[in-house]
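Working notes, beginning with the structure itself.
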Amino acid sequence: MEKSLESKKAMSLGKKTIIGLVIGLIIGAILCFVPESAFRDDFLIGTVFKIVGTGYLNLIKMTIVPFVFGSLVMGISSATDVRQVGRIGSKILGIYIVTTMIASAFGIIGGMILKPGAGVNLGSFDLSTQYSQVETSVANVFLDFIPTNIVNSFANGKMIHVVVFAVFFGIAMSLIGEKAEPVKKFNESFTNVMLKIVNIVMSLTPYGVCALMASTVANLGFDIIITLAKYCASEIFLLFLFGFVVYGILFTVFTKQSFFKMLKKYSKIALVPFSTSSSNATIPYSIQFCRSVGVSEKVAAFTIPLGATLNMDGSAIMQGMTLVFVSQLYGIELTLPMLITTIITITLATIGSPGMPGVVMVTLTLVLQSVGFPLEVIGIIVAIDKFPDMFKTVLNVLGDAVDTIIVAKSEGEFDADVFNDLKEGEVQL
């Protein structure tokens, strides 16, 4: 495949994105002090920023399904050992489940230590927001992975269905060999075309980030963030701590590489999950990032889309801490059975949930229901979650990359020389 961006251009794009982020924050902060008016709310926020920001997100979403499907099929169909695909799948699934359970426990313990709900007065908040009940089971979680109508799944962007179908499609192509060559050549050309489209969309990132940040800050305002600053600060602190400690240990132990070098490289794409709050929207960027640090196409194209759906460590931390937060608000004592139930529920709830903005609120409803906690408090969580949600997504995407590199290393599909810049990678971001 061709390079996505030359190094010089990538640096220029990175600088432009940072500038766009800063400008967006400044504009949003200024608009917080501007009185409500048709010009501010309808024209600037509701029209200009919405067209640029939402348009950018829609362009990304436009590329996700065809790009992921083509990349995954190309990677799997080129595999000479079909059993390797099974090994990769079982390894990455195991890592995702284990880290999610650790993350939920991490959030609970962190909430008990930091006490984000202590001293918070609920009197000024509207707790009338209603949420529909959601139900799940182990059987339904796994059955939901299997598409019944793949055309409908493609149309609705159900990533886990696309991944499952692409895996079967790629394996079938690999098994029938030469008879699949015409399809294989078409898919390779198609994937390269999609890669070019992704590159074009990437060039619009600074403008999209600027608009998204400006509208977010302008709509969210400062009052509720200041009022619940302790909750936000506690959550963000736990997200950073988990990333440095848990991911740092896993990466260093299993890859024998520098985690700080990994973070430095990851910073090139971190603004994308931060500004979009969507793991799905970051899939094309994450795949190219993993390839640029030495991961093979067959691994990156398989594990990253799975991670966008299955690996929600940031969300697990948030839900664990929020459970403790609610218990502190209402003076509810947490028992050991309640904590065990919560960890299991968080793990089941996050697996299979789409990697899109705001979906954590649906799973949080299930978590609170599992231990009989009042749901009304979700009203205030919704009001402040947008800001820490950006950091959650950054952690989720970082986890996908770390776990992918670990699995690639175990399969001999990771080039340490590329990671250490001793030789040029297939893609340079």
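Worth pointing out:
- Normalising the average separation of contacting C-alpha pairs (under 8 angstrom, six or more residues apart) by the number of residues puts the relative contact order of region 205-297 at 29 percent.
- Per principal axis, descending, Cα span of region 236-352 in whole Å: 49, 27, 26
- Simple Cβ-charge dipole of region 226-314, Lys/Arg +1 and Asp/Glu -1, about Cα centre, in debye nearest 20: 340 debye
- Cα centroid of region 42-113 to Cα centroid of region 314-351, whole Å: 24 Å
- Taking every protein chain into account, the accessible area of region 171-265 amounts to 51 square angstrom per residue (probe 1.4 Å).
- Cross-link pairs K15/K158; K158/K196; K179/K409; K265/K298; K15/K230; K115/K268 - those with Cα-Cα distance over 29 Å: K15/K158; K179/K409; K15/K230; K115/K268
The values are calculated or read from the model by the stated rules, or taken from the named source; none is laboratory data. Everything numeric here is computed off the predicted structure, so don't read it as measured data. Neighbour counts are summed over all protein chains in view; Cβ atoms, including those assigned to glycine, are modelled from backbone coordinates with ideal geometry. These accessible areas exclude ligands, DNA and RNA; they are computed on the full protein's heavy atoms, side chains included. Shrake-Rupley method; radii C 1.70, N 1.55, O 1.52, S 1.80 Å.
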